[in-house]
Amino acid sequence: MAKIKLEGLTRKYGPVTAVDNVNLDINDDEFLVLVGPSGCGKTTTLRMVAGLEDISSGSVFIGDRRVNDVEPKDRDIAMVFQSYALYPHMSVYDNMAFGLKMRKVAPTEIERRIQEASAMLGIGHLLKRKPRELSGGQRQRVALGRAVVREPAVFLMDEPLSNLDAQVRANTRTELLRIHQRIKNTVMYVTHDQVEAMTMGDRIVVMKDGHVQQVAAPKEIYDHPANKFVASFIGSPPMNFLDCELDKSADVATLHGPSFTFAINGASAQRLGATSSRNVTLGVRPEDVIIADPGSVNGSSIRARIDVVETLGAEQHLSLVADGNYTFLARVSGDHVAHIGDNVVATIDPAKLHVFDKETGAAYL
């Protein structure tokens, strides 16, 4: 168990900067998730921590030790990759034991660790099988087991569930969290899947173009995204965005859109009053769009027509067209009666609104 500290971590490939001045403090026993689109620098960051990627500038500390010049094998880490990387000619037992044998661990200790890890992962009955005799989910559990038996200070996981189908992935997420709760190791976990990030991480690091956009607990990132990119990337279905103009007075801030006007009062109005921009982007989560009776229009309502209905069982996603030229999404109960072509009124609680600078994307609310 160990904390990890990244100070000004940067990786350049010629003129291209893949990771730019990343500063992170990862607590002992924390499950930290790095998330972002392909090419954002999350895997490169992980590989620099592992020692598999050269560091252009900055430092990596594991515990109190600066490890920039320490070989990967001496960093007290274990990695789990997207590819299982199992030796095909070895049994499950021998795959899990191989790294320990290379480190001259006593045979009795190897046996103890493998039996404990295999019981924890539910693969005790597979120890004599070869990888070709296993399903994808079983192979991934073997790869996890091989890392667990190392008993490292830090686990580094690079999209370990990407090759699994949806149901197995969900089950394996739960298993990973159970393992973490039992062994309490520090984990850095890389994924492009925001659902994995939200469900697994103690904290989430959202990255884009080599830069850290926000670091916070999942609930904080969801409710208070730092900018428009974070708001659009975290959340499924994603946040709606509508361009509008901001008018400010002493106690009220008013958002004027193509066919709506929202008045914002109180502390939120005071925060918007400090902004210098008149052109802003309004953000609304689909679950915060409430479908009301067409006769109940008020100051926080938008007249719209249902264009598409997606039925998902417990919920429905309604694509709404307003003012003939802009669309937004509402997430409603699966019991809600909705038909394509229906005219509806969408009401939005002003307390649920997000406001971003149109140019920079920075969040005002």
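Annotations
- Scanning the range 333-365 for residues that are of a type in the set (Val, Ile, Thr), touching a strand residue (DSSP E or B) at 6+ places or on another chain (Cβ under 6 Å) and over 14 Å from residue 284 (Cβ atoms) yields a count of 3.
- Of all residues making up the range 44-61, the number that are open to solvent by 40 Å² or more (accessible area, probe 1.4 Å) and closer than 17 Å to residue 188 by Cα: 3
- Residue in the range 306-324 that is surrounded by 18 or more Cβ atoms within 10 Å (Cβ to Cβ) and in contact (Cβ under 8 Å) with a residue 60 or more places away in the chain present: yes
- Among the residues of the range 99-113, those that are assigned to a helix (DSSP H, G or I), of a type outside the set (Lys, Arg) and more than 31 Å from the chain's Cα centre (by Cα) comprise 100, 102, 107, 108, 109, 110, 111.
- Filtering the range 80-101 to residues that are open to solvent by 40 Å² or more (accessible area, probe 1.4 Å) and among the hydrophobic types (A, V, I, L, M, F, W, C) leaves 81, 85, 98.
- Any chance residue 231 is touching a His at 6+ places or on another chain (Cβ under 7 Å) and either among the aliphatic types (A, V, I, L, M) or in contact (Cβ under 8 Å) with a residue 24 or more places away in the chain (or both): yes
- Those strands (runs of 3 or more DSSP E) lying entirely in the range 1-54 with at least 2 residues without any contact (Cβ under 8 Å) to a residue 40 or more places away in the chain and not basic (Lys, Arg): 16-26
- Exclusive hit being under 18 Å from residue 172 (Cα atoms), in contact (Cβ under 8 Å) with a residue 12 or more places away in the chain and not in a loop (DSSP other than H, G, I, E, B), set 96, 120: 120
- Among (1) closer than 30 Å to residue 301 by Cα; (2) buried (at least 19 other Cβ atoms within 10 Å of the Cβ); (3) over 15 Å from the mean Cα position of the chain (by Cα), the one test that residue 146 misses: (1)
- The residues in the range 325-336 that are closer than 17 Å to residue 257 by Cβ, touching a residue at least 40 places away in the same chain (Cβ under 8 Å) and either open to solvent by less than 30 Å² (accessible area, probe 1.4 Å) or polar (S, T, N, Q) (or both) can be counted, and the count is 4.
- Selection from the range 139-172 of residues that are acidic (Asp, Glu) and either touching a strand residue (DSSP E or B) at 6+ places or on another chain (Cβ under 9 Å) or closer than 16 Å to residue 46 by Cα (or both): 151, 158, 159
- Across the range 337-365, the qualifying residues are those that are touching a Leu at 6+ places or on another chain (Cβ under 8 Å) and without any contact (Cβ under 8 Å) to a residue 60 or more places away in the chain, and the one among them that is surrounded by the most Cβ atoms within 10 Å (Cβ to Cβ) is 346.
- Residues located in the range 62-79, provided they are outside any loop (DSSP other than H, G, I, E, B), open to solvent by 30 Å² or more (accessible area, probe 1.4 Å) and either among the charged types (D, E, K, R) or touching a residue at least 40 places away in the same chain (Cβ under 8 Å) (or both): 65, 66, 73, 74, 79
The values are calculated or read from the model by the stated rules, or taken from the named source; none is laboratory data. All of these numbers come straight from a predicted model, not from anything done at the bench. Cβ coordinates were reconstructed from backbone atoms using ideal geometry, including for glycine residues, and neighbour counts include every protein chain displayed. Please note that ligands, DNA and RNA were not included when accessible areas were found on the heavy atoms of the full protein model with its side chains. Shrake-Rupley method; radii C 1.70, N 1.55, O 1.52, S 1.80 Å.
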